[in-house]
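Working notes, beginning with the structure itself.
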Amino acid sequence: MWLIGARGSVATTAVVGCAAVAAGLQPPTGMVTETAPFADSGLPALGDLVFGGHDTATTPLPKRAEALAAEGVLPYGLPDAVRAELTAADDAIRPGGPQPGDTRGDEALIDAFARDLDAFRRNHDLARVVVVNVASTEPVPTDGDRLPPSSLYASAALRAGCPYVNFTPSTGLHHPRLRAEAARSGLPYAGRDGKTGQTLLRSVLAPMFAQRALPVRAWSGTNLLGGGDGAALADPAAAAAKNAGKARVLADTLGELPDGDLHIDNVPALGDWKTAWDHVAFEGFLGSRMVLQTIWQGCDSALAAPLVLDLARLTARAHEAGLTGPLTELGFYFKDPDGGPSGLADQYTALTGFAARLRERS
(Lines give C-alpha, C1' and ligand atoms only; values in the text may rest on other atoms or scores of the structure.)
Protein backbone atom coordinates (compact mmCIF):
# COMPACT_ATOMS: atom_id res chain seq x y z
CA MET A 1 0.00 0.00 0.00
CA TRP A 2 1.37 3.36 -1.06
CA LEU A 3 -0.51 6.07 0.83
CA ILE A 4 -0.78 9.64 -0.40
CA GLY A 5 -0.87 11.62 2.83
CA ALA A 6 1.10 8.84 4.52
CA ARG A 7 1.73 10.71 7.78
CA GLY A 8 -1.86 11.85 8.28
CA SER A 9 -4.35 10.52 10.81
CA VAL A 10 -6.12 8.09 8.46
CA ALA A 11 -2.88 6.63 7.12
CA THR A 12 -1.36 6.30 10.58
CA THR A 13 -4.48 4.58 11.91
CA ALA A 14 -4.47 2.21 8.92
CA VAL A 15 -0.83 1.21 9.49
CA VAL A 16 -1.37 0.72 13.24
CA GLY A 17 -4.63 -1.15 12.67
CA CYS A 18 -3.22 -3.47 10.03
CA ALA A 19 -0.29 -4.43 12.25
CA ALA A 20 -2.49 -4.86 15.33
CA VAL A 21 -5.09 -7.04 13.60
CA ALA A 22 -2.45 -9.12 11.81
CA ALA A 23 -0.74 -9.79 15.17
CA GLY A 24 -4.02 -10.68 16.89
CA LEU A 25 -3.80 -7.68 19.22
CA GLN A 26 -7.14 -6.22 18.07
CA PRO A 27 -10.24 -7.61 16.29
CA PRO A 28 -10.93 -6.53 12.68
CA THR A 29 -13.88 -4.31 13.65
CA GLY A 30 -15.19 -2.36 10.66
CA MET A 31 -13.31 -4.44 8.09
CA VAL A 32 -15.94 -5.78 5.72
CA THR A 33 -13.34 -7.94 3.95
CA GLU A 34 -12.87 -9.93 7.16
CA THR A 35 -16.53 -11.07 7.15
CA ALA A 36 -17.81 -14.41 5.83
CA PRO A 37 -18.81 -13.33 2.28
CA PHE A 38 -15.16 -12.53 1.51
CA ALA A 39 -13.65 -15.80 2.71
CA ASP A 40 -11.66 -17.64 0.02
CA SER A 41 -11.80 -14.65 -2.35
CA GLY A 42 -8.01 -14.64 -2.61
CA LEU A 43 -7.50 -11.31 -0.85
CA PRO A 44 -3.94 -10.59 0.33
CA ALA A 45 -3.44 -11.31 4.02
CA LEU A 46 -3.05 -8.30 6.29
CA GLY A 47 0.32 -9.61 7.39
CA ASP A 48 1.53 -9.51 3.77
CA LEU A 49 0.86 -5.78 3.31
CA VAL A 50 3.84 -3.42 3.19
CA PHE A 51 3.37 0.34 3.63
CA GLY A 52 5.02 3.40 2.13
CA GLY A 53 3.83 6.68 0.71
CA HIS A 54 4.20 10.35 -0.12
CA ASP A 55 3.66 13.26 2.25
CA THR A 56 4.77 16.85 2.69
CA ALA A 57 4.55 16.46 6.49
CA THR A 58 7.68 15.49 8.41
CA THR A 59 6.39 14.18 11.77
CA PRO A 60 7.46 10.50 11.94
CA LEU A 61 4.70 7.89 12.05
CA PRO A 62 5.59 6.65 15.57
CA LYS A 63 5.22 10.21 16.90
CA ARG A 64 1.98 10.72 14.97
CA ALA A 65 0.61 7.48 16.42
CA GLU A 66 1.54 8.56 19.95
CA ALA A 67 -0.36 11.81 19.41
CA LEU A 68 -3.42 9.91 18.20
CA ALA A 69 -3.28 7.66 21.26
CA ALA A 70 -3.11 10.73 23.50
CA GLU A 71 -6.29 12.02 21.81
CA GLY A 72 -8.06 8.70 22.39
CA VAL A 73 -8.12 7.78 18.70
CA LEU A 74 -5.84 4.77 19.23
CA PRO A 75 -5.84 2.49 22.29
CA TYR A 76 -3.30 3.38 24.96
CA GLY A 77 -0.06 1.46 24.45
CA LEU A 78 -0.87 0.20 20.96
CA PRO A 79 1.64 2.47 19.14
CA ASP A 80 4.44 0.99 21.27
CA ALA A 81 3.26 -2.54 20.50
CA VAL A 82 3.55 -1.95 16.72
CA ARG A 83 6.46 0.50 16.76
CA ALA A 84 8.58 -1.70 14.46
CA GLU A 85 5.86 -1.66 11.78
CA LEU A 86 5.39 2.09 12.13
CA THR A 87 9.12 2.71 11.82
CA ALA A 88 9.38 0.47 8.74
CA ALA A 89 6.49 2.31 7.07
CA ASP A 90 7.94 5.70 7.95
CA ASP A 91 11.29 4.73 6.45
CA ALA A 92 9.48 4.12 3.14
CA ILE A 93 7.77 7.55 3.01
CA ARG A 94 9.10 9.96 0.39
CA PRO A 95 8.63 13.74 0.09
CA GLY A 96 5.44 14.75 -1.65
CA GLY A 97 4.75 17.90 -3.57
CA PRO A 98 4.77 20.28 -5.17
CA GLN A 99 6.06 22.20 -2.16
CA PRO A 100 6.56 25.98 -2.05
CA GLY A 101 9.49 26.96 -4.24
CA ASP A 102 9.44 23.74 -6.27
CA THR A 103 10.00 24.82 -9.88
CA ARG A 104 9.47 21.39 -11.46
CA GLY A 105 6.68 21.06 -13.99
CA ASP A 106 3.97 18.43 -14.00
CA GLU A 107 5.92 15.89 -16.07
CA ALA A 108 8.99 16.11 -13.85
CA LEU A 109 6.89 15.67 -10.70
CA ILE A 110 4.97 12.72 -12.15
CA ASP A 111 8.22 11.04 -13.18
CA ALA A 112 9.71 11.58 -9.71
CA PHE A 113 6.64 10.13 -7.97
CA ALA A 114 6.54 7.17 -10.37
CA ARG A 115 10.22 6.45 -9.67
CA ASP A 116 9.44 6.38 -5.94
CA LEU A 117 6.76 3.77 -6.61
CA ASP A 118 9.10 1.66 -8.75
CA ALA A 119 11.81 1.81 -6.09
CA PHE A 120 9.35 0.80 -3.36
CA ARG A 121 8.22 -2.22 -5.38
CA ARG A 122 11.80 -3.31 -6.12
CA ASN A 123 13.20 -2.70 -2.66
CA HIS A 124 10.51 -4.80 -0.99
CA ASP A 125 10.17 -7.40 -3.78
CA LEU A 126 6.43 -6.74 -4.02
CA ALA A 127 3.97 -8.48 -6.30
CA ARG A 128 2.05 -5.23 -6.79
CA VAL A 129 1.59 -1.76 -5.31
CA VAL A 130 -1.83 -0.17 -4.75
CA VAL A 131 -1.81 3.63 -4.46
CA VAL A 132 -4.48 5.03 -2.09
CA ASN A 133 -5.08 8.76 -1.72
CA VAL A 134 -5.94 9.63 1.90
CA ALA A 135 -4.54 13.19 1.86
CA SER A 136 -6.51 16.25 2.98
CA THR A 137 -9.16 17.54 0.58
CA GLU A 138 -7.83 19.97 -2.00
CA PRO A 139 -9.88 22.76 -3.63
CA VAL A 140 -11.46 22.19 -7.02
CA PRO A 141 -8.69 23.02 -9.53
CA THR A 142 -8.89 26.37 -11.27
CA ASP A 143 -5.53 26.49 -13.09
CA GLY A 144 -6.15 24.85 -16.44
CA ASP A 145 -2.42 24.60 -17.20
CA ARG A 146 -1.37 22.60 -14.14
CA LEU A 147 -2.64 19.34 -12.72
CA PRO A 148 -3.65 19.50 -9.04
CA PRO A 149 -1.45 17.47 -6.66
CA SER A 150 -3.96 14.61 -6.40
CA SER A 151 -3.89 14.20 -10.18
CA LEU A 152 -0.09 14.27 -10.26
CA TYR A 153 -0.03 11.34 -7.85
CA ALA A 154 -2.78 9.54 -9.79
CA SER A 155 -0.90 9.96 -13.06
CA ALA A 156 2.28 8.67 -11.39
CA ALA A 157 0.38 5.59 -10.25
CA LEU A 158 -0.70 4.85 -13.82
CA ARG A 159 2.83 5.47 -15.12
CA ALA A 160 4.26 3.02 -12.58
CA GLY A 161 1.62 0.39 -13.38
CA CYS A 162 -0.12 0.67 -10.00
CA PRO A 163 -3.86 0.30 -9.31
CA TYR A 164 -5.29 3.48 -7.79
CA VAL A 165 -7.94 4.30 -5.17
CA ASN A 166 -9.10 7.84 -4.37
CA PHE A 167 -10.54 7.95 -0.83
CA THR A 168 -10.78 11.77 -0.94
CA PRO A 169 -13.04 14.27 -2.75
CA SER A 170 -9.97 15.61 -4.60
CA THR A 171 -9.79 15.37 -8.37
CA GLY A 172 -7.34 12.48 -8.78
CA LEU A 173 -8.10 10.41 -11.88
CA HIS A 174 -11.28 12.40 -12.54
CA HIS A 175 -9.29 15.18 -14.20
CA PRO A 176 -10.26 15.40 -17.90
CA ARG A 177 -6.60 15.16 -18.95
CA LEU A 178 -6.24 11.75 -17.29
CA ARG A 179 -9.33 9.99 -18.61
CA ALA A 180 -7.70 8.62 -21.75
CA GLU A 181 -4.55 7.70 -19.82
CA ALA A 182 -6.61 5.75 -17.28
CA ALA A 183 -8.52 3.94 -20.03
CA ARG A 184 -5.27 2.94 -21.78
CA SER A 185 -3.53 1.81 -18.60
CA GLY A 186 -5.19 -1.59 -18.28
CA LEU A 187 -5.30 -1.05 -14.52
CA PRO A 188 -8.18 -1.27 -12.05
CA TYR A 189 -9.09 1.89 -10.15
CA ALA A 190 -11.85 2.93 -7.79
CA GLY A 191 -13.90 5.69 -6.42
CA ARG A 192 -13.79 9.13 -5.10
CA ASP A 193 -14.44 10.26 -1.52
CA GLY A 194 -14.81 7.56 1.12
CA LYS A 195 -18.23 7.18 2.73
CA THR A 196 -17.65 7.00 6.49
CA GLY A 197 -20.33 8.84 8.47
CA GLN A 198 -23.03 11.30 7.50
CA THR A 199 -23.20 10.18 3.88
CA LEU A 200 -23.20 6.52 4.95
CA LEU A 201 -26.36 7.26 6.91
CA ARG A 202 -27.85 9.25 4.02
CA SER A 203 -27.29 6.29 1.66
CA VAL A 204 -29.43 4.18 4.01
CA LEU A 205 -32.16 6.71 4.77
CA ALA A 206 -32.70 8.21 1.31
CA PRO A 207 -33.77 4.86 -0.25
CA MET A 208 -36.16 4.36 2.68
CA PHE A 209 -38.01 7.57 1.85
CA ALA A 210 -38.06 6.74 -1.86
CA GLN A 211 -39.25 3.16 -1.33
CA ARG A 212 -41.97 4.19 1.12
CA ALA A 213 -43.24 6.94 -1.25
CA LEU A 214 -42.60 9.68 1.32
CA PRO A 215 -41.61 12.91 -0.49
CA VAL A 216 -38.61 14.67 1.02
CA ARG A 217 -39.28 18.40 1.21
CA ALA A 218 -35.89 19.49 2.57
CA TRP A 219 -32.69 17.86 3.78
CA SER A 220 -30.20 20.02 5.69
CA GLY A 221 -27.03 19.09 7.53
CA THR A 222 -24.15 20.41 9.59
CA ASN A 223 -20.71 18.92 10.18
CA LEU A 224 -18.41 19.91 13.03
CA LEU A 225 -14.88 18.55 12.80
CA GLY A 226 -11.28 19.40 13.62
CA GLY A 227 -7.88 17.97 12.76
CA GLY A 228 -6.22 18.28 9.39
CA ASP A 229 -9.44 17.63 7.50
CA GLY A 230 -11.26 20.33 9.44
CA ALA A 231 -8.51 22.82 8.66
CA ALA A 232 -8.52 21.87 4.97
CA LEU A 233 -12.31 22.11 4.73
CA ALA A 234 -12.27 25.59 6.24
CA ASP A 235 -11.37 26.60 2.68
CA PRO A 236 -14.75 27.17 0.95
CA ALA A 237 -13.44 25.65 -2.29
CA ALA A 238 -12.40 22.44 -0.53
CA ALA A 239 -15.70 22.31 1.36
CA ALA A 240 -17.59 22.65 -1.92
CA ALA A 241 -15.75 19.61 -3.30
CA LYS A 242 -16.70 17.63 -0.18
CA ASN A 243 -20.35 18.73 -0.19
CA ALA A 244 -20.78 17.78 -3.84
CA GLY A 245 -20.39 14.09 -3.00
CA LYS A 246 -22.78 14.33 -0.06
CA ALA A 247 -25.42 15.99 -2.25
CA ARG A 248 -24.95 13.48 -5.06
CA VAL A 249 -26.15 10.59 -2.89
CA LEU A 250 -29.46 12.38 -2.28
CA ALA A 251 -29.95 13.49 -5.88
CA ASP A 252 -29.20 10.04 -7.29
CA THR A 253 -31.49 8.25 -4.85
CA LEU A 254 -34.40 10.70 -4.65
CA GLY A 255 -34.35 11.72 -8.30
CA GLU A 256 -33.67 15.36 -7.45
CA LEU A 257 -31.76 17.32 -4.83
CA PRO A 258 -34.17 18.52 -2.12
CA ASP A 259 -34.00 22.00 -0.63
CA GLY A 260 -31.56 22.55 2.21
CA ASP A 261 -27.95 23.47 2.85
CA LEU A 262 -24.98 21.51 4.17
CA HIS A 263 -22.44 23.30 6.35
CA ILE A 264 -18.96 22.16 7.35
CA ASP A 265 -17.46 23.98 10.34
CA ASN A 266 -13.88 23.67 11.51
CA VAL A 267 -13.70 23.23 15.30
CA PRO A 268 -10.00 22.64 16.08
CA ALA A 269 -10.76 21.56 19.66
CA LEU A 270 -12.53 18.44 18.31
CA GLY A 271 -9.31 17.07 16.83
CA ASP A 272 -10.03 13.81 14.98
CA TRP A 273 -13.62 13.60 16.24
CA LYS A 274 -16.63 14.84 14.35
CA THR A 275 -20.34 15.46 14.87
CA ALA A 276 -22.88 15.52 12.05
CA TRP A 277 -26.52 16.59 12.29
CA ASP A 278 -29.19 16.01 9.65
CA HIS A 279 -32.67 17.53 9.56
CA VAL A 280 -35.07 15.89 7.09
CA ALA A 281 -38.47 17.44 6.44
CA PHE A 282 -40.78 15.02 4.64
CA GLU A 283 -44.45 14.67 3.77
CA GLY A 284 -46.77 11.92 4.93
CA PHE A 285 -50.25 10.70 4.00
CA LEU A 286 -52.77 13.47 3.32
CA GLY A 287 -50.03 16.10 3.39
CA SER A 288 -49.06 15.67 7.03
CA ARG A 289 -45.70 17.34 7.74
CA MET A 290 -43.06 15.24 9.53
CA VAL A 291 -39.41 15.52 10.50
CA LEU A 292 -36.55 13.08 11.02
CA GLN A 293 -33.41 14.29 12.84
CA THR A 294 -30.18 12.33 13.24
CA ILE A 295 -26.91 12.84 15.12
CA TRP A 296 -23.72 11.04 14.14
CA GLN A 297 -20.69 11.31 16.40
CA GLY A 298 -17.52 9.42 15.56
CA CYS A 299 -13.79 9.32 15.09
CA ASP A 300 -13.00 10.00 11.45
CA SER A 301 -9.74 8.03 11.31
CA ALA A 302 -11.21 4.98 13.06
CA LEU A 303 -14.13 5.01 10.62
CA ALA A 304 -11.95 5.44 7.54
CA ALA A 305 -8.93 3.20 8.24
CA PRO A 306 -10.69 -0.19 7.96
CA LEU A 307 -12.29 0.90 4.69
CA VAL A 308 -8.90 1.95 3.32
CA LEU A 309 -7.51 -1.50 4.17
CA ASP A 310 -10.55 -3.15 2.56
CA LEU A 311 -10.17 -1.14 -0.62
CA ALA A 312 -6.45 -1.84 -0.95
CA ARG A 313 -7.00 -5.58 -0.55
CA LEU A 314 -9.93 -5.70 -2.98
CA THR A 315 -8.14 -3.59 -5.60
CA ALA A 316 -4.94 -5.64 -5.28
CA ARG A 317 -6.94 -8.82 -5.79
CA ALA A 318 -8.75 -7.30 -8.77
CA HIS A 319 -5.37 -6.46 -10.31
CA GLU A 320 -4.12 -9.98 -9.69
CA ALA A 321 -7.28 -11.37 -11.32
CA GLY A 322 -6.71 -9.27 -14.44
CA LEU A 323 -9.62 -6.87 -13.97
CA THR A 324 -9.27 -3.42 -15.51
CA GLY A 325 -10.99 -0.06 -15.51
CA PRO A 326 -13.34 1.39 -12.87
CA LEU A 327 -14.35 -1.10 -10.18
CA THR A 328 -18.00 -0.06 -9.96
CA GLU A 329 -18.75 -2.83 -7.46
CA LEU A 330 -16.74 -0.92 -4.85
CA GLY A 331 -19.31 1.89 -4.80
CA PHE A 332 -20.28 0.64 -1.32
CA TYR A 333 -17.27 2.55 -0.01
CA PHE A 334 -17.70 5.89 -1.82
CA LYS A 335 -19.82 9.02 -1.93
CA ASP A 336 -18.95 9.41 -5.61
CA PRO A 337 -18.59 5.89 -7.05
CA ASP A 338 -17.68 5.17 -10.64
CA GLY A 339 -21.15 3.82 -11.34
CA GLY A 340 -23.72 1.41 -9.96
CA PRO A 341 -26.54 1.93 -7.45
CA SER A 342 -26.62 4.71 -4.82
CA GLY A 343 -28.40 2.94 -1.94
CA LEU A 344 -26.20 1.13 0.57
CA ALA A 345 -28.15 -2.13 0.53
CA ASP A 346 -27.89 -2.41 -3.27
CA GLN A 347 -24.22 -1.44 -3.12
CA TYR A 348 -23.56 -4.17 -0.55
CA THR A 349 -25.22 -6.73 -2.83
CA ALA A 350 -22.91 -5.60 -5.66
CA LEU A 351 -19.88 -5.82 -3.37
CA THR A 352 -20.60 -9.36 -2.19
CA GLY A 353 -21.19 -10.31 -5.82
CA PHE A 354 -17.75 -8.90 -6.56
CA ALA A 355 -16.30 -11.10 -3.81
CA ALA A 356 -17.90 -14.13 -5.45
CA ARG A 357 -16.48 -13.07 -8.80
CA LEU A 358 -13.00 -12.89 -7.29
CA ARG A 359 -13.50 -16.28 -5.67
CA GLU A 360 -14.26 -17.82 -9.07
CA ARG A 361 -10.92 -16.50 -10.34
CA SER A 362 -8.91 -17.97 -7.45
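The values are calculated or read from the model by the stated rules, or taken from the named source; none is laboratory data. Bear in mind that the values here come from a model prediction, so they are computed numbers and not experimental data. Positions of Cβ are backbone-derived with ideal geometry, glycine not excepted, and every protein chain shown enters the neighbour counts. For the accessible areas, the whole protein counts, side chains as well, though only heavy atoms, and no ligand, DNA or RNA atoms are used. Shrake-Rupley method; radii C 1.70, N 1.55, O 1.52, S 1.80 Å.
Given the options Leu74, Leu309, Leu25, which has the most mean-square fluctuation in a GNM of the chain, springs set between C-alpha atoms less than 10 angstrom apart?
Its mean-square fluctuation being the largest, the pick is Leu25.
Name the residue, out of Thr253, Thr168, Thr12, whose mean-square fluctuation peaks in a Gaussian network model built on the chain with Cα pairs under 10 Å.
Thr253
So for each of 128-136, 348-356 I average, over its residues, the number of other beta carbons within 10 Å; can you give me the resulting order with the highest mean first?
128-136, 348-356
I'd like the Kirkwood hydrodynamic radius of region 12-113, using the inverse of the mean 1/r over distinct C-alpha pairs, in Å.
15.6
Sorting check: for 217-227, 284-294, 264-274, which peptide has the highest mean count of neighbouring beta carbons within 10 Å, and how do the rest follow?
Highest to lowest by the protection proxy: 217-227, 264-274, 284-294.
Per q in 0.07, 0.11, 0.14 Å⁻¹, report the Debye log10 I(q)/I(0) for the chain, using one uniform scatterer on each alpha carbon and no solvent.
-0.29, -0.73, -1.21
Nearest 10 degrees, 0 to 90: what angle lies between the long axis of helix 9-22 and the longest principal axis of the chain (Cα atoms)?
70
Between the helical axis of 344-360 and the dominant principal axis of the chain, each derived from Cα atoms, what acute angle in degrees is found, rounded to the nearest 10?
The helix 344-360 is inclined about 40 degrees to the chain.
Compute for region 219-339: radius of gyration divided by Kirkwood radius, i.e. Rg/Rh, restricted to C-alpha atoms, rounded to two decimals.
Radius of gyration over Kirkwood radius for region 219-339 works out to 1.04.
Rounded to the nearest 10 Å², what accessible area does Met208 have for a 1.4 Å probe in the complete protein model?
That residue has around 80 Å² of solvent-accessible surface.
Using alpha carbons only, how many degrees (0 to 90, rounded to 10) separate the axis of helix 236-254 from the longest principal axis of the chain?
Relative to the chain, helix 236-254 is tipped by roughly 60 degrees.
Taking the chain as a Gaussian network, Cα atoms linked when under 10 Å apart, which of Phe120, Phe282, Phe332 shows the biggest mean-square fluctuation?
Top of the fluctuation ranking is Phe282.
Can you give me the relative contact order of region 16-76 as a percent, contacts being Cα pairs under 8 Å and 6 or more apart?
27
So what's the back-of-envelope 222 nm ellipticity for the chain, counting only DSSP H runs of four-plus at -39500 (n - 2.57) apiece and dividing by all residues, rounded to 500?
About -13000 deg cm²/dmol.
Could you work out what % of the accessible surface of region 1-95 is carbon and sulfur, using a 1.4 angstrom probe and leaving DNA, RNA and ligands out of the count?
55
Could you pull out every residue, at least 5 positions away or on a different chain, whose amide H is within less than 5 Å of the one on Phe282? Hs are placed 1.01 Å off N in the peptide plane, and Pro or chain starts have none.
Arg217, Met290, Val291, Leu292
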